[in-house]
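Values in this text are rule-based calculations from the coordinates and carry no lab data. Not measured: the values here are computed from a predicted model. Virtual Cβ from ideal backbone geometry, glycine too; neighbours counted across all protein chains shown.
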């Protein structure tokens, strides 16, 4: 008999009933250190007091009106993002998947309105993950994503990761845009080098192609910059954001230049819930907290401390781990042991991690995790690794 909740997840047998900062409390009272943040969502931890206050105050005023009307909080969040980024305009969604749908539509509509309707192809890369909608799985092209869901949406060209020669050869007069994650999360914490991102921007400029960056997982302070592409000193034409931007509340966004967004006029896209007063109030609080130099400096310091601790962990357990990859507080432990076994051992040691492709253990803690909590988390990972090694 099918369960009342559609069985599309292989869930761990854990039942968390409360969260406090970097901690999750199981219904039996056990306290877990959370190095997953709900997959990079709880950027300020669980039940962050400032977010609880904002949510409570907004909930007592107004929850939802739809986009038939002006929403002052939505305007305030859009202004804050425009002030802090490359973007001239923002559309709010409820998720990263929805952001992907709009990014694809925006790129194709741009070229249609420029009199080049043949430019519909989006170039994507092996190992990518952009969501689970029809467009997002087509963008991935991976068998595990598309099997059984055909016919797959056409118009996507899949390329090897970090092969600039293959990328250059793939750009044709049908190419509308290149879509890439500066750091692949689901793909195994694979970082696109700054020089590669610079070359990608130059290629787009040379060939007349739009650059779409997926910063759903790596954005909103996770790398120690507000958005990861800032490290390379380049800007995209279109960018997807979600996860951390709502601090735990469902919120996503597509940021774009005025030129790239020029085709998206009234009636071309919409969302019933996107940009609602609750989500935007929280998003503004998150951006105001994270989007300042003092906070981002602290993220970089904590990231350096965590990486140092992880390097020691790898050295202590070479039979379990191969090395550390990633940047900021978006780090991965490349495993020699089966990553699922390491995740499970972590549960026993009361520390939460997230598996990824390429046998990588993802570590995505809240951005305000303390050094004491980092030390305790790595001590628990040490116990987990010891149990795997025996």
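Relative to the current alpha-carbon distance between residue 322 and residue 70, full extension at 0.36 nm per residue lengthens the span by 85.5 nm.
Approximating the spin labels as points 7 Å out from Cα along Cα→Cβ, the residue 206-to-residue 294 distance works out to 4.5 nm. Sorting 207-216, 284-293, 350-359 by their mean Cβ neighbour count within 10 Å, with the most densely packed peptide first, gives 207-216, 350-359, 284-293.
Peptides 250-261, 185-196 ranked from most to least packed give 250-261, 185-196, packing being the mean of other C-beta atoms within 10 angstrom over each peptide's residues.
Measuring nothing but how far apart in sequence close Cα pairs (under 8 Å, 6+ apart) lie, relative to its length, the chain scores a relative contact order of 23 percent. By its C-alpha gyration tensor, with a ≥ b ≥ c as the square roots of the eigenvalues, how is region 174-220 shaped: rounded for a/c under 1.5, else prolate for a/b larger than b/c, else oblate? Verdict is prolate for region 174-220.
Given their separation in residues at 0.36 nm each and the Cα-Cα distance between them, residue 338 and residue 383 gain 14.6 nm when the chain is fully extended. For region 147-175, the residues whose backbone nitrogen is under 12 Å from a point 7 Å from the Cα of residue 116, taken along Cα to Cβ, are 172-175.
With a ≥ b ≥ c taken as the square roots of the eigenvalues of the C-alpha gyration tensor of region 90-230, please select rounded if a/c is under 1.5 and otherwise prolate if a/b is larger than b/c or oblate if it is not? Rounded, because the longest to shortest axis ratio a/c is under 1.5.
The value of relative contact order for region 113-248, using C-alpha pairs under 8 Å at least six residues apart, is 22 percent.
Once both labels are positioned 7 Å from their Cα atoms along Cα-to-Cβ, the gap between residue 195 and residue 375 label points is 3.8 nm.
Averaging Cα coordinates gives a centre for region 1-36 and one for region 250-293; these two points are 30 Å apart. Counting only DSSP beta bridges whose two residues both lie in the chain, roughly 65 percent are antiparallel. Computed from the C-beta positions of residue 266 and residue 16, the FRET efficiency with R₀ = 25 Å rounds to 0.05.
With the simple spin-label model, which puts each label point 7 Å out from Cα in the Cβ direction, the residue 1 to residue 134 separation comes to 3.5 nm. Sorting 326-334, 159-167, 127-135 by average packing, meaning the other beta carbons within 10 Å per residue, from highest down gives 326-334, 127-135, 159-167. What shape does region 227-322 have by the C-alpha gyration tensor, where a ≥ b ≥ c are the square roots of the eigenvalues, rounded means a/c under 1.5, and otherwise prolate means a/b greater than b/c and oblate the rest? Prolate shape, in that a/c is at least 1.5 and a/b is the bigger ratio.
For region 234-390, averaging the sequence separation of C-alpha pairs within contact (under 8 Å, six or more residues apart) and dividing by the residue count gives a relative contact order of 17 percent.
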